Amino acid sequence: MAAFLSSIRRLYLSVYNWAVFYGWFQVLYLAIKALQEHGHEQVYDAVERPLQLAQTAAILEILHSLAGLVRSPVSATLPQIASRLYVTWGILWSFPEVRANVLVSSLVISWSITEIIRYSFFGLKETFGAPPSWLLWLRYSTFLVLYPTGISSEVGLIYSALPFIKASEKYCLRMPNKWNFSFDYFYGAILVLGIYVPGSPHLYNYMLGQRKKALSKGKKD
């Protein structure tokens, strides 16, 4: 029974990883095509739907961690997925004014290259038992550049959206109301920017630690 459940787990994770890999590959292809043919102003329109699908699918990874299907701790998985979902839906989808920003291109390219490598790594691991050594190196090395460019793009886009958030008052809840509660999305966005200050170095240091362990283990193998 245990062997059967293990096989089902590997099959499910293999299908999941390859499906999302395809989604991110599509995002990268469409982004580069749009950049070459129309410029950075058209990148978001070219990638909107596959970007939303691929990024939202990552919610399942939180459930994978909670259910014990993967070893990644929720404490590391949740912040990164939450911040990306916020930028995808709470900024880019909600405020069209920032979609022509050049930072959308750096964001999409940083995210998609990172995820193409990551999902192919785990897809090969679940399908064949182990990824090739060169992919292991890419998995734990490309973030050294792509994480800072991705995070900088996220922060820049949130900051660029602030005037439009304030002017529109979208998602704000004003008093009086039956809940006796108020919420200002503008200040919520500022709070999110504040969380990036301690959160980004913490996640980066966590990944550095993971890189050291993974590459040292790879050398021993």
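The values are calculated or read from the model by the stated rules, or taken from the named source; none is laboratory data. Keep in mind it's a predicted model, so treat the numbers as computed, not measured. When we count neighbours, we look across all protein chains shown, and the Cβ atoms used for this are built from the backbone with ideal geometry, even at glycine. With ligands, DNA and RNA removed, areas are computed over all heavy atoms of the protein, side chains included. Shrake-Rupley method; radii C 1.70, N 1.55, O 1.52, S 1.80 Å.
Over the Cα atoms of region 139-221, compute the convex hull volume and normalise it per residue, giving Å³.
Dividing the Cα hull volume of region 139-221 by its residue count gives 116 Å³.
Helix-only mean residue ellipticity at 222 nm, the chain, DSSP H runs n ≥ 4 weighted -39,500 (n - 2.57), per residue, nearest 500. What is it?
-26000 deg cm²/dmol
In the neighborhood of Phe121, defined by Cβ-to-Cβ distances under 11 Å, what is the net charge if each Lys or Arg adds +1 and each Asp or Glu adds -1?
Values: positive: Arg118, Lys125, Arg139; negative: Glu115, Glu126.
In short, +1.
Tell me, what is the per residue accessible area of region 4-79 in Å², probe radius 1.4 Å? Could the numbers behind the result be given before it?
Numbers: 4380 Å² over 76 residues.
Heavy-atom accessible area per residue stands at 58 Å².
Note down the magnitude of the dipole of region 104-221 about its Cα centre, charges +1 on Lys and Arg C-beta and -1 on Asp and Glu C-beta and zero elsewhere, to the nearest 20 debye.
Taking the Cα centre of region 104-221 as origin, the dipole is about 420 debye.
Nothing charged except the Cβ atoms of Lys and Arg (+1) and of Asp and Glu (-1): what's the magnitude of the dipole of the chain about its Cα centre? Round to the nearest 20 debye.
Charge dipole, the chain, about its Cα centre: 900 debye, nearest 20.
Let me confirm the definition first: pairs of Lys residues in the chain, 8 or more apart or on different chains, C-alpha distance under 24 Å. How many are there?
8
Bin width 10 Å, alpha-carbon pairs only: give the P(r) of region 116-162 as whole percents, running from 0 to the bin holding the largest distance.
So the P(r) values, bin by bin, are 24, 36, 23, 14, 3.
Which one of Gly188, Thr77, Pro148 has its Cα pushed farthest toward the positive end of the charge dipole of the chain, where Lys and Arg give +1 and Asp and Glu give -1 at the Cβ?
Positive-end residue among those listed: Thr77.
What is the Cα radius of gyration of region 63-124 over 2.2 N^0.38 Å, N being its residue count?
Compared with the compact-globule rule of thumb, region 63-124 sits at 1.35.
Mind checking the dipole of region 1-92: about its Cα centre, +1 per Lys or Arg Cβ, -1 per Asp or Glu Cβ, Debye to the nearest 20?
With only Lys, Arg, Asp and Glu charged at Cβ, the dipole is about 460 debye.
For region 162-209, compute the orientation-averaged projected area of the C-alpha convex hull (one quarter of its surface), in nm².
In nm², the orientation-averaged hull projection of region 162-209 is 4.7.
Please express the Cα-Cα pair-distance distribution P(r) of the chain as a list of whole percents, one per 5 Å bin, running from 0 to the bin with the greatest distance.
Result returned by the calculation: 1, 6, 12, 17, 18, 16, 12, 8, 5, 3, 1, 0, 0.
In degrees, nearest 10, range 0 to 90: what is the angle between the Cα axis of helix 185-220 and the longest Cα principal axis of the chain?
Roughly 10 degrees between the two axes.
On alpha carbon coordinates alone, what is the Rg over Rh value for region 1-121, Rh being the Kirkwood radius?
Radius of gyration relative to Kirkwood radius: 1.04.
Whenever you get a sec, compute what percent of the accessible area on the chain sits on carbon and sulfur atoms (1.4 Å probe). Please report the intermediate quantities before stating the final value.
Details: 8340 of 12370 Å².
Its accessible area is 67 percent carbon and sulfur atoms.
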